[in-house]
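Working notes, structure below.
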Amino acid sequence: MSGSLLPSAEEAYASPDAQGFFGPYGGTFVPETVVPALEELAHAFDEALGDPAFDAELGALLADYVGRPSPLYRADRLAEAVGLGTVWLKREDLNHTGAHKINNTLGQCLLAKRMGKRRVIAETGAGQHGVATATTAALMGLECAIFMGTEDIRRQALNVYKMRLLGAEVVPVADGTGTLADAVTAALRHWVERVEDTFYVLGSAVGPHPYPTIVRHFQKVIGEEALSQLREKGARMPDAVVACVGGGSNAIGIFYPFLRDVPADERPLLIGAEAAGLGLETDKHGAALTKGRPGVLHGFYSYLLQDEAGNPKEAYSISAGLDYPGVGPEHSYLKDAGLVRYEAVTDREALDAFALLARTEGIIPAIESAHALAMLPRLAAELGPDASVLVNVSGRGDKDMDIVREAGLGA
Ligand SMILES: Cc1ncc(COP(=O)(O)O)c(C=O)c1O
């Protein structure tokens, strides 16, 4: 890479560096007591990458347990409704447990077993990562505890019930606003105390190094499959690829292969949709990249919603999976480098997109994924009626039924 912290368009994409920095973002801003655990994790991950047996075991589980490859579906009625030539949907909603999160929990729980840990913990917001971790722990015979904010426990009762059925302990976190950020803080604190026998299964492309790289590794299967499925179908390279961004794992999962493997002059526009909640002009949003500034939270440096004193500000979104005040460090880097564009989508726009997908294609998406779908009318206006757009449908909407009913959809 050149002297600049940002890559030029022609340079191969090669982040992070050995210390886990994506340009200035990322790193390891943690108490000294956690450093050995992170080093042990980085070592185990490196070893696993060099072991074909690890890949084979994960590949078999992804195929036979998760149901991969997830289909790439051409949504013609949706394309017509939004005024685009082609819309491709990457159907992560069809994975076992209903979202992309299972790709990552299988990878991390296999790592936990390699490291001889008998117990896993995780944090969860929408509950999808909690359910995926509880599922994987049951599959692998690991003890499991899930930290969850009390507000999210209320919003996502069905997922809480599922986790308990799967044998996990759900640990309520009443601190702060009782949402995802508080659950992460509690889980990190607990991990420090129990690091000898406990593996922390982090649910998004956030946290101290090496977590953002580990999560990217286990989620990049989404973009790799999409690229080869487009080729198999004889389709041209889409003009744009869109994914929603909470912490950023489904987005980096689909973007990374396009950044790494597709030459800059053929690369589609990559767009991350974050939560504008009740509007960017209000305080009620989760748009860390659009409205935040760089700071440290949960052990890494990244764009962060913060008040004048530099304290993390409460994030809001109708979707529990997008209301995190920070964002994965690689997205901060990609934003500054101009390699990915980030836009914010309101609750209302997401609900409209949710209803549109249900009515045109018979697919009920997660409200998180509906944020990505809401970019389609904007892209039709920008790119014109012949454009082709690929959207990552990160999850299915079963968990959101109460929320959309309360919002008046389907009435
Ligand atoms: C279906 C779904 N999509 C997206 C997200 C946001 O997470 P990420 O940005 O890590 O993909 C979540 C988080 O819970 C989710 O459940």
Inset, instruction - Could you tell me which of the residues V404, V345 is touching a strand residue (DSSP E or B) at 6+ places or on another chain (Cβ under 7 Å), within 16 Å of the ligand (Cβ to nearest atom) and not small (G, A, S)? - result: V345
Inset, instruction - Would you tally the residues in segment 230-245 being in contact with a Ser or Thr (Cβ under 9 Å, 6 or more places away or on another chain) and away from the ligand (no atom under 16 Å from the Cβ)? - result: 6
Inset, instruction - For V262, indicate whether it is crowded, with 23+ Cβ neighbours inside 10 Å and either in contact (Cβ under 8 Å) with a residue 24 or more places away in the chain or farther than 21 Å from S388 by Cα (or both). - result: no
Legend entry - Search result, residues across segment 374-401 that are in contact with an Asp or Glu (Cβ under 6 Å, 6 or more places away or on another chain) and either more than 15 Å from the ligand (Cβ to nearest atom) or not in a loop (DSSP other than H, G, I, E, B) (or both): L383, A387, S388, V393, G395, R396
Inset, instruction - Scan segment 89-102 and report the pairs whose first residue is acidic (D, E) and whose second residue is within 8 Å of the ligand (Cβ to nearest atom), with Cβ atoms within less than 6 Å and a gap of 6+ or a chain change. - result: E92/H100; E92/S394; D93/G395; D93/R396
Legend entry - Pairs with Cβ under 9 Å, 6+ apart, first in segment 195-206 and farther than 14 Å from F300 by Cβ and modelled with pLDDT under 95, second within 16 Å of the ligand (Cβ to nearest atom) and aromatic (F, W, Y): none
Inset, instruction - Working only within segment 246-262, note down all residues that are in a loop (DSSP other than H, G, I, E, B) and either at pLDDT below 95 or near the ligand (Cβ under 10 Å from one of its atoms) (or both). - result: G246, G247, G248
Legend entry - From V35, V131, V66, residue being without any contact (Cβ under 8 Å) to a residue 40 or more places away in the chain and within 16 Å of the ligand (Cβ to nearest atom): V131
Legend entry - Answer residue from segment 263-281, given it is away from the ligand (no atom under 11 Å from the Cβ) and not hydrophobic (A, V, I, L, M, F, W, C) and is nearest to the chain's Cα centre (by Cα) among those: G277
Inset, instruction - Would you please list the contacts, defined by Cβ atoms under 9 Å and residues six or more apart or on different chains, that run from a residue in segment 224-241 that is on the phi > 0 side of the Ramachandran plot to a residue that is assigned to a helix (DSSP H, G or I)? - result: none
Legend entry - Filtered residue count, segment 176-204, keeping only those that are crowded, with 24+ Cβ neighbours inside 10 Å and in a helix (DSSP H, G or I): 5
Legend entry - Of the criteria (1) within 23 Å of Y316 (Cβ to Cβ); (2) more than 21 Å from the chain's Cα centre (by Cα), which one L356 fails: (1)
Inset, instruction - For segment 293-342, name all the residues that are of a type in the set (D, E, K, R) and out of contact with any strand residue (DSSP E or B) (no Cβ under 6 Å at 6 or more places or on another chain). - result: R293, D307, E308, E314, D323, D336
Inset, instruction - Name every residue in segment 379-397 that is open to solvent by 30 Å² or more (accessible area, probe 1.4 Å) and either under 18 Å from the mean Cα position of the chain (by Cα) or aromatic (F, W, Y) (or both), in order of residue number. - result: R396
Inset, instruction - Can you confirm whether segment 135-151 contains a residue that is part of a loop (DSSP other than H, G, I, E, B), more than 19 Å from S317 (Cβ to Cβ) and touching a strand residue (DSSP E or B) at 6+ places or on another chain (Cβ under 7 Å)? - result: yes
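Rundown of residues vs (1) hydrophobic (A, V, I, L, M, F, W, C); (2) within 16 Å of the ligand (Cβ to nearest atom); (3) on the phi > 0 side of the Ramachandran plot, yes/no style:
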site	(1), (2), (3)
H100	no, yes, no
N103	no, yes, no
K113	no, no, no
A126	yes, yes, no
T135	no, yes, no
L142	yes, no, no
G149	no, yes, no
E169	no, no, no
Legend entry - Scope segment 65-101; condition under 19 Å from V131 (Cα atoms) and part of a strand (DSSP E or B); matching residues: R91, A99
Inset, instruction - Return a yes/no flag: does segment 308-316 have any residue that is buried (at least 24 other Cβ atoms within 10 Å of the Cβ), more than 19 Å from G85 (Cα to Cα) and touching a residue at least 40 places away in the same chain (Cβ under 8 Å). - result: yes
Legend entry - Odd one out for E368 among (1) open to solvent by 10 Å² or more (accessible area, probe 1.4 Å); (2) in contact (Cβ under 8 Å) with a residue 12 or more places away in the chain; (3) within 20 Å of A126 (Cα to Cα); (4) over 16 Å from the mean Cα position of the chain (by Cα): (4)
Legend entry - Within segment 25-55, tally of residues that are in a loop (DSSP other than H, G, I, E, B) and open to solvent by less than 50 Å² (accessible area, probe 1.4 Å): 3
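The values are calculated or read from the model by the stated rules, or taken from the named source; none is laboratory data. Here the structure is a predicted model, which is why all the values come from computation and not from measurement. Virtual Cβ from ideal backbone geometry, glycine too; neighbours counted across all protein chains shown. Heads up: the accessible areas ignore ligands, DNA and RNA and are worked out on the full protein's heavy atoms, side chains in. Shrake-Rupley method; radii C 1.70, N 1.55, O 1.52, S 1.80 Å.
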